């Protein structure tokens, strides 16, 4: 009898503990129910329904860094660092897993569209790349804050 009571109490305690989600400052957590986005948990402590709700993505609202290296057509190696952040987690939740690929692809596409990449001023080129990438990323709730380039 006492074993049954103890087991039941432990199961209830485990169920309650799994229902508590703590979100650190500078992050939001997306919660999904039946595979569909339900809500975003802001920083703090929240209760979710275990078994029904699941944590989808932990979205960091602080700045992110993406480094890339690519060989351009003229056999010039370009290395870059893109600093970006999430502005609207509601929009970014759907594409946050592909954010690195989106940003890398946007940077490389913008570099290929530039007529004179190697002879251009790095700071000016970085600004133009940032503007080109932000046109596509803003509708997804993200923004590039800075681009640094180095040519080898």
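The values are calculated or read from the model by the stated rules, or taken from the named source; none is laboratory data. Please read all numbers here as calculations on a predicted model, not as lab measurements. We place every Cβ from the backbone using ideal geometry, glycine too, and count neighbours over all the protein chains shown.
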**Request:** Give the stretch 48-60 a look and list any residue that's in contact with a strand residue (DSSP E or B) (Cβ under 6 Å, 6 or more places away or on another chain) and either loosely packed, with under 14 Cβ neighbours inside 10 Å or in contact (Cβ under 8 Å) with a residue 24 or more places away in the chain (or both), or say none.
**Result:** 48, 52, 55, 56, 57, 58, 59, 60
**Prompt:** Just a yes or no: is a residue in the stretch 73-81 at pLDDT 90 or above, surrounded by 14 or more Cβ atoms within 10 Å (Cβ to Cβ) and not in a strand (DSSP E or B)?
**Reply:** no
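With the structure loaded, tell me whether residue 98 is assigned by TED's automatic domain parsing to the domain that holds residue 129, at pLDDT 90 or above and outside any strand (DSSP E or B) or whether it fails that test. Spell out the reasoning first.
Numbers: assigned by TED's automatic domain parsing to the domain that holds residue 129: yes; at pLDDT 90 or above: yes; outside any strand (DSSP E or B): yes.
When the stated conditions are applied, residue 98 passes them.
Given the criteria closer than 28 Å to residue 89 by Cβ, surrounded by 11 or more Cβ atoms within 10 Å (Cβ to Cβ) and at pLDDT 90 or above, does residue 127 qualify? Working first, answer last.
Numbers: closer than 28 Å to residue 89 by Cβ: yes; surrounded by 11 or more Cβ atoms within 10 Å (Cβ to Cβ): yes; at pLDDT 90 or above: no.
So residue 127 fails the test.
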**Complete:** Checked against (1) closer than 30 Å to residue 150 by Cβ; (2) surrounded by 15 or more Cβ atoms within 10 Å (Cβ to Cβ), residue 40 satisfies every condition except (1)
**Fill in**
If you go through 26, 63, the only one that is touching a strand residue (DSSP E or B) at 6+ places or on another chain (Cβ under 9 Å), under 18 Å from residue 92 (Cα atoms) and modelled with pLDDT under 90 is 63
